[in-house]
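Enquirer: Have a look at the structure that comes next, please.
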Amino acid sequence: MRGLAVHTLVAIAAALAWAAAAVAAPPLRVGMELSYPPFEMTDPQGRPTGVSVRLAEAIGRHLGRDVVIENIAFDGLIPALKTGRIDCIISSMTATPERSRTIAFSAPYLKTGLALLVGAKSPVRSAADLDVPGRTVAVKKGTTGHQYASTTLTRARLLVLDKESAAVLEVVQGKADAFIYDSLSVYQNHKRHPDTTRPLLQPFREETWAVGLRLQDATLRQQVDAFLEAFRADGGFGRLGDEFLAEEKAFFAARGIPFYF
Amino acid sequence: MSRWLAHCIVVLVFVALIAAALTRIDSPWNWQGVWAYRAKFLQGFGVTLAVSAAALVASTVIGGTAALMLGSRHVLVEAVARVYVELIRGTPLLVQLLIGFYVVASAVGIQNRYVVGVLLLALFSGAYMAEIFRGGLAAIPQTQRDAARAIGLTPWQSLRLVILPQAVRLVLPAVAGQFVSLVKDSSLLSVIAVSEFTLAAQEVNSFTYSTLESYLPLAAGYLAITLPLSALSRWLERRFRYET
Amino acid sequence: MNLVMHGVVQRFGAVTVLDGVDLVTHDVEALVLVGPSGGGKSTLLRIVAGLDVPAAGRVSFDGEPLPRDEQGLRGYRRTVGTVFQAFNLFPHLSGLDNLLLPLVHVHGLTEAEARARVQGPLERFRLAEHAHKRPAELSGGQKQRIAILRALVVQPRRLFLDEPTSALDPEMTAEVLEMIGELKSQGIQFVLVTHEMGFARRVADEVAFIGEGRVLAHGPPGEVIDHCAEPRVRGFFSRILAES
């Protein structure tokens with residue numbers, strides 16, 4: 001009799017504690033497009049991994065919340081955030097004035113820039129060379145490269161592709177003069193296609209990446225900013241760089257191309 | 001209640017349900033942002049219209065030819081058509097577009113992505129058309145072919161005067177359905193950077209972050225093409241109907 | 001007509017339907033083929049009508065052998081007329097257009113000439129006011145009579161009719177048989193396959209009994225139908241005549 005009563009009480013207490021935990025700290029849903037190594041990618045077993053995933057996990061630990069990674073196409077991330085399907089965007093997203101009109105950004109956590117992956121046979125030497133009739137520029141839909149090309153490179157022919165790999169293929173096959181993307185990806189893609197591409201890694205436009213949040217979500221923004229400051233002070237970014245980007249960091253540093261947390 | 005009235009009521013109820021769902025979404029409407037890009041929408045609409053029309057014609061020709069080849073007694077001819085139909089119907093259009101444009105067309109040397117896109121779309125739809133036509137041809141009683149032969153028609157005359165007129169009436173609904181599918185499938189050409197209607201809406205969405213305001217006009221635009229197609233098909237069916 | 005058939009064999013796959021048919025007629029206007037179902041009469045009719053080529057054997061009419069190649073047979077088919085049990089007429093055309101089609105497209109008449117030629121026969125057989133209707137709007141008897149007319153208006157040397165009344169009810173059967181009787185009195189030559197024994201007795205010059213892939217009896221109608229010595233033939237007639 002007494003044993004049953006004790007067991008019942010324990011069960012109720014556990015349920016209450018679990019409910020309290022659930023109510024108090026719902027999981028943090030983080031949106032990213034898992035096709036951007038080494039920041040957002042999947043390991044051979046299909047689990048999300050990469051710099052942004054580690055960052056998300058660290059934020060989760062800091063806030064005492066579980067982290068759920070939602071794999072969403074890049075140009076669908078902001079709509080997903082706005083409609084409440086995710087709580088934040090950690091997807092190597094550049095904080096631009098246009099985007100800042102509809103969502104909020106945390107303090108920046110990485111500094112990089114737009115660079116060019118040029119076809120080996122193309123005479124292009126700089127971004128300005130692209131703004132000429134007869135030139136073809138490939139961009140990935142929804143990225144800052146896409147924004148830059150459609151507002152600034154008005155004389156060039158614009159190819160808007162879904163996927164980074166398709167855009168690179170356009171350059172490799174000579175269908176496009178250049179692909180506008182961030183300097184790190186340009187470097188990695190050139191390594192994979194050394195004979196058919198030339199990298200112009202010096203950014204012609206500098207950009208910073210930040211965590212995307214809803215405009216009205218001031219609390220979360222403060223928490224994320226606080227986390228980023230602590231994480232940097234703790235050397236967390238240094239560890240991430242060593243784990244995922246050792247070679248690239250060295251390469252870029254040696255050439256004086258900005259790329260750092 | 002008249003049929004027209006019933007249709008209107010159902011559409012209104014549907015629109016009301018959508019509107020009710022929309023009012024529950026928090027973010028404010030931004031129609032001005034999207035309106036600023038109306039030229040882009042119109043251009044994309046034009047491309048979709050042109051590409052669909054060209055692919056429609058081409059796929060009918062391809063499908064008709066393949067259907068005749070499927071019925072051929074020459075083993076090699078039938079084999080070519082059968083392999084074509086099974087391959088195309090068994091693989092996704094997306095895969096066909098990517099391999100067709102980035103591998104095959106590049107190897108052959110055709111650079112124009114609009115031409116390649118129309119061709120690939122026509123080949124895709126043609127395989128489904130072939131099966132539709134083949135079913136229509138098979139549904140005609142053998143005695144019709146016998147009667148045509150008995151009065152001394154050549155095989156070509158039989159096809160033209162007896163078999164095809166009957167087969168066309170039989171397959172008209174299915175063909176119209178395939179045409180509508182083709183128009184919608186043309187949106188997939190965006191993966192090879194053809195600037196069609198859907199890509200235009202996606203681009204506007206990525207500039208203005210106004211998803212619904214970008215995609216509702218997109219849906220309306222497609223309906224503007226597909227509804228008349230369906231209506232035309234129904235009119236043709238009524239006009240050429242004969243009892244059997 | 002003088003029909004000579006010698007050693008005609010026909011097979012479909014592994015099944016032998018005609019197993020050596022020998023038949024000779026001299027100056028016969030109306031030859032009627034009778035016999036059990038599956039015995040081979042329709043198969044034989046298709047061969048003499050030029051629709052199928054026999055696996056073995058020779059067929060000749062009035063001394064002219066039937067061609068064995070499709071093109072030759074097509075030429076032969078243009079000189080004769082064939083009526084099937086059902087689905088003769090092309091359903092997408094009116095009765096009149098059915099009649100005009102062979103005249104215009106096979107025999108090279110202009111449309112005006114063709115219309116002029118069919119007017120008389122249509123009126124004579126009381127089909128003129130039905131000619132504008134589609135087959136679906138005609139009764140079974142009217143359809144078959146127009147089918148016979150279509151075979152007739154090309155001025156064939158002879159007609160082949162394969163159970164033309166088997167799909168009709170008694171009243172329409174009588175209608176069609178009356179027309180065939182009238183043709184006989186106009187001197188049209190024909191080979192008829194039928195189950196209507198009364199009609200066969202009245203109209204046939206000679207009757208041939210086709211059973212088990214062979215000619216089991218051949219001669220004037222009275223001899224074959226009423227007084228045949230061959231037991232299989234006698235058994236067949238006693239069964240079916242007992243029913244009627």
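Bear in mind these aren't lab numbers, they're just calculated from the coordinates by the rules spelled out. From a predicted model like this one, the values you see are computed outputs, not experimental measurements. With ideal geometry, Cβ positions are generated from the backbone for all residues, glycine too; neighbour counts draw on all protein chains shown.
Enquirer: If each residue's Cβ is checked for other Cβ atoms within 10 Å, how do C:90, B:133, A:251 rank with the fewest at the top? Each step should come with its number before you reach the end.
Expert: Numbers: C:90 24, B:133 27, A:251 16.
So the ranking, lowest neighbour count to highest, is A:251, C:90, B:133.
Enquirer: Please give the FRET efficiency for residue B:2 paired with residue B:50, using the beta carbon to beta carbon distance and R0 = 45 Å, rounded to the nearest 0.05.
Expert: 0.75
Enquirer: In Å, what is the Rg of the alpha-carbon atoms in the range B:40-239, and how long is Dmax?
Expert: So, for the range B:40-239, Rg and Dmax equal 19.5, 69 Å respectively.
Enquirer: Any idea how far the Cα center of the range C:167-191 sits from the one of the range A:137-172, in Å?
Expert: Comparing the Cα centres of the range C:167-191 and the range A:137-172, I get a distance of 80 Å.
Enquirer: With no solvent and one equal point scatterer per Cα, compute the Debye intensity ratio I(q)/I(0) for the range A:68-157 at 0.13, 0.20, 0.21 Å⁻¹ and report its log10, rounded to two decimals.
Expert: -0.55, -1.01, -1.07
Enquirer: Hey, in the GNM for chain A with a 10 angstrom Cα cutoff, which one of A:156, A:13, A:128 fluctuates hardest?
Expert: Its mean-square fluctuation being the largest, the pick is A:13.
Enquirer: Stretched out fully, how many nm does the piece from residue B:22 to residue B:74 gain, at 0.36 nm a residue minus the Cα gap?
Expert: Here the answer is 12.8 nm.
Enquirer: Pop the C-beta distance of residue A:154 and residue A:202 into the FRET formula with R0 = 25 Å and round what comes out to the nearest 0.05.
Expert: On the way: r = 23 Å, r/R0 = 0.92.
Efficiency, from the Cβ-Cβ distance: 0.60.
Enquirer: Order these peptides, A:191-198, A:85-92, A:5-12, B:143-150, by their mean beta-carbon neighbour count within 10 angstrom, highest first.
Expert: A:85-92, B:143-150, A:191-198, A:5-12
Enquirer: Here's a follow-up. Among B:8, C:228, which comes first, then next, by fewest other beta-carbon atoms within 10 Å? Could you put the intermediate results ahead of the total?
Expert: Values: B:8 11, C:228 20.
Ordered by Cβ neighbours within 10 Å, fewest first: B:8, C:228.
Enquirer: Now, a different point. What ³J(HN,Hα) values, in whole Hz, does the Karplus curve 6.51 cos²θ - 1.76 cosθ + 1.60 give for the range B:77-89 when θ = phi - 60°, with x put for Gly and Pro?
Expert: So the Karplus estimates, Gly and Pro as x, are 4, 4, 5, 4, 5, 5, 4, 4, 4, 5, 4, 5, 6 Hz.
Enquirer: Counting other beta carbons within 10 Å of each Cβ, put B:206, C:166 in order, fewest first.
Expert: Taking fewest neighbouring Cβ atoms as first place, the list is C:166, B:206.
Enquirer: Roughly how many nanometres apart are two label points built 7 Å out from the Cα toward the Cβ at residue C:178 and residue A:234?
Expert: Each label point is offset 7 Å from its Cα along the Cβ direction, giving 10.7 nm.
Enquirer: Across peptide B:153-165, how many C-beta atoms of other chains are within 10 Å of each residue C-beta, on average?
Expert: Mean shielding by partner chains, rounded to a whole number: 3.
Enquirer: For residue A:61, what is the net charge nearby, where nearby means another residue's Cβ is under 13 Å from its Cβ and Lys, Arg count +1, Asp, Glu -1?
Expert: Cβ neighbours under 13 Å give a net charge of -1.
Enquirer: Show log10 I(q)/I(0) for the range B:81-174 at q = 0.13, 0.15, 0.26 Å⁻¹, two decimals, from a solvent-free Debye sum over equal Cα scatterers.
Expert: -0.61, -0.71, -1.23
Enquirer: Still on this structure, I have one more. Of all the Cα-Cα pairs you can form in chain C, what percent are over 34 Å apart?
Expert: Across chain C, Cα pairs with separations above 34 Å total 16 percent.
Enquirer: What ratio of Cα Rg to 2.2 N^0.38 Å holds for the protein assembly as shown?
Expert: Dividing the Cα Rg of the protein assembly as shown by 2.2 N^0.38 Å gives 1.47.
Enquirer: Counting residues in the range B:52-124 as N, plug N into 2.2 N^0.38 Å and put the Cα Rg over that result.
Expert: So the Cα radius of gyration is 1.17 times the expected 2.2 N^0.38 Å.
Enquirer: Just how many % of Cα pairs in the range B:179-244 lie over 17 Å apart, if you round to the nearest whole percent?
Expert: When every Cα pair of the range B:179-244 is considered, 54 percent fall beyond 17 Å.
Enquirer: Bins of 5 Å, beginning at zero and ending with the bin holding the largest distance: percent of Cα pairs per bin for the range C:89-155, please.
Expert: 4, 20, 34, 26, 14, 3, 0
Enquirer: Which residue, C:163, C:171, C:29, tops the fluctuation ranking in a GNM of chain C built on C-alpha contacts under 10 Å?
Expert: Checking each option, the largest mean-square fluctuation is seen for C:171.
Enquirer: Further, regarding this structure: Return the distance in nm (one decimal) between the two label points of a simple spin-label model at residue A:61 and residue A:107, each offset 7 Å from Cα along Cα→Cβ.
Expert: It works out to 2.0 nm between the two label points.
Enquirer: A follow-up question, please. Mind ranking B:211-219, B:10-18 by how tightly packed they are, going by the mean number of other C-beta atoms within 10 angstrom, highest first?
Expert: Put in order of decreasing packing, that is B:211-219, B:10-18.
Enquirer: Work out the FRET efficiency for residue B:42 and residue B:114 from their Cβ-Cβ distance, taking R0 = 22 Å, and round it to the nearest 0.05.
Expert: Plugging the Cβ-Cβ distance into 1/(1 + (r/R0)^6) gives 0.80.
Enquirer: Note down the Stokes-Einstein diffusion coefficient of the range A:112-207 in µm²/s, whole number, using a Kirkwood radius over alpha carbon pairs, 10 °C, and 1.306 mPa s.
Expert: For the chosen part, D equals 127 µm²/s.
Enquirer: For chain C, with a Gaussian network of springs between Cα atoms less than 10 Å apart, report the residue from C:68, C:46, C:78 with the top mean-square fluctuation.
Expert: Residue with maximal mean-square fluctuation among C:68, C:46, C:78: C:68.
Enquirer: What's the magnitude of the charge dipole for chain C around its Cα centre, counting Lys and Arg as +1 and Asp and Glu as -1 at the beta-carbon? Answer in Debye, nearest 20.
Expert: Result for chain C is approximately 420 debye, rounded to the nearest 20.
Enquirer: Then there is this: Roughly how compact is chain A, stated as its Cα Rg over 2.2 N^0.38 Å to two decimals?
Expert: Expressed relative to 2.2 N^0.38 Å, the Cα Rg reads 1.20.
Enquirer: In Å, the Kirkwood hydrodynamic radius of the range C:1-44 over pairs of distinct alpha carbons?
Expert: 11.6
Enquirer: Here is a further query. Given an 8 Å cut-off on Cα distances and at least 6 residues of separation, report the relative contact order of the range B:48-162 as a percent.
Expert: Working: 94 pairs, mean separation 44.0, N = 115.
So the answer I get is 38 percent.
Enquirer: Evaluate the distance, in nm, between pseudo-label points positioned 7 Å from the Cα of residue A:216 and of residue B:240 along their respective Cα→Cβ axes.
Expert: In this crude spin-label approximation the distance works out to 5.7 nm.
Enquirer: Around residue A:28, which amide H atoms from residues at least 5 apart in sequence, or from another chain, sit under 5 Å from its own amide H, with H modelled in the peptide plane?
Expert: A:66, A:67, A:68
Enquirer: To one decimal place, what Kirkwood hydrodynamic radius in Å is obtained for the range A:201-261 from all pairs of distinct Cα atoms?
Expert: Details: mean 1/r = 0.0731 Å⁻¹.
With all distinct Cα pairs of the range A:201-261 included, I get 13.7 Å.
Enquirer: Using Cα pairs closer than 8 Å and at least 6 residues apart in sequence, work out the relative contact order for the range A:112-207, in percent.
Expert: Relative contact order comes out at 47 percent.
Enquirer: Which whole number gives the average, over all residues in B:138-150, of C-beta atoms from other chains lying within 10 Å of the residue C-beta? Please list the in-between numbers first.
Expert: Values: counts 0, 0, 2, 3, 1, 5, 6, 0, 9, 12, 3, 8, 17.
Taking all residues of B:138-150 together, the mean is 5.
Enquirer: Please average, across the residues of A:166-177, the number of beta carbons from any other chain that are within 10 Å of each residue's own beta carbon, and give a whole number. Please report the intermediate quantities before stating the final value.
Expert: Details: counts 6, 1, 0, 5, 4, 0, 1, 6, 2, 7, 1, 0.
Neighbouring Cβ atoms belonging to other protein chains average 3 per residue here.
Enquirer: Ordered by packing density, taken as the mean number of other Cβ atoms within 10 Å over each peptide's residues, highest first, how do A:166-172, C:233-239 rank?
Expert: Top of the packing list down: A:166-172, C:233-239.
Enquirer: Once both axes come from the Cα atoms, what is the angle between helix A:183-192 and the longest principal axis of chain A, in degrees from 0 to 90, rounded to 10?
Expert: 70
Enquirer: Expressed as an acute angle from 0 to 90° and rounded to the nearest 10, what is the orientation of the C-alpha long axis of helix C:95-105 relative to the principal long axis of chain C?
Expert: Once rounded, one gets 80 degrees.
Enquirer: Could I ask something else about it? Residue by residue through the range B:236-241, what is 3J(HN,Hα) from phi via Karplus (6.51 cos²θ - 1.76 cosθ + 1.60, θ = phi - 60°)? Round to whole Hz and write x for glycine and proline.
Expert: So the Karplus estimates, Gly and Pro as x, are 4, 4, 5, 5, 9, 6 Hz.
Enquirer: Using each residue's phi in the range C:228-241, evaluate 6.51 cos²θ - 1.76 cosθ + 1.60 at θ = phi - 60° and report the 3J(HN,Hα) Karplus result to the nearest Hz, with x for Gly and Pro.
Expert: Each residue of the range C:228-241 in turn: 7, 7, 5, x, 5, 5, 4, x, 4, 5, 5, 5, 7, 6 Hz.
Enquirer: Going by alpha carbons, how many degrees (0 to 90, nearest 10) lie between the helix axis of A:51-63 and the longest principal axis of chain A?
Expert: 30
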